[in-house]
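One structure is given below, encoded as C-alpha cells.
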Amino acid sequence: MKILAVEDDAVSRAVLRKSLRKIGHDVIEAEDGREAWTIMESYLNERTGSEFSYSVGPDCIVLVVQPQLEKLKAERVIKKL
C-alpha cells in the first residue's frame, strides 16, 4: 500500500516511515500540511491527464493535525482523488 505520511517532527516522521516500511508499505513523506497539499494536487493533476494510472496516488493518508492545512481543504482534495 502506498501511504502519504504527514508529520512535521523529523524524528516522528522517521519512526513512522521506518514502521510503515517494515510492514511492507511504500511511504511518501510530507513535512507539513502545505507540502502534503502540493503532493495531493500533483496527483490530482496527473489524474486529469489522459495517461493517468490509478496506481500513482497514495492509497492511504496518515495526517497528523496540521495547522497549515485546514481540515475542509484536505477533505475536498481527498474526495477528488
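The values are calculated or read from the model by the stated rules, or taken from the named source; none is laboratory data. All figures in this text were calculated on a predicted structure; none of them were measured in a lab. Here Cβ is always computed from backbone atoms with ideal geometry, including for glycine, and neighbour counts include all displayed protein chains.
Among residues of the range 8-29 that are touching a residue at least 12 places away in the same chain (Cβ under 8 Å), those with a Cβ under 8 angstrom from a residue that is among the polar types (S, T, N, Q), sequence gap 6+ or separate chain, pair up as 8/66.
The residues of the range 27-80 that are surrounded by fewer than 17 Cβ atoms within 10 Å (Cβ to Cβ), touching a Lys or Arg at 6+ places or on another chain (Cβ under 6 Å), in a loop (DSSP other than H, G, I, E, B) and modelled with pLDDT of 65 or more amount to a single one, 59. Taken over the range 1-19, residues that are out of contact with any strand residue (DSSP E or B) (no Cβ under 7 Å at 6 or more places or on another chain) and part of a loop (DSSP other than H, G, I, E, B) amount to 3.
Is it true that residue 3 is surrounded by 12 or more Cβ atoms within 10 Å (Cβ to Cβ), in contact with a Cys (Cβ under 6 Å, 6 or more places away or on another chain) and at pLDDT 80 or above? So residue 3 passes the test.
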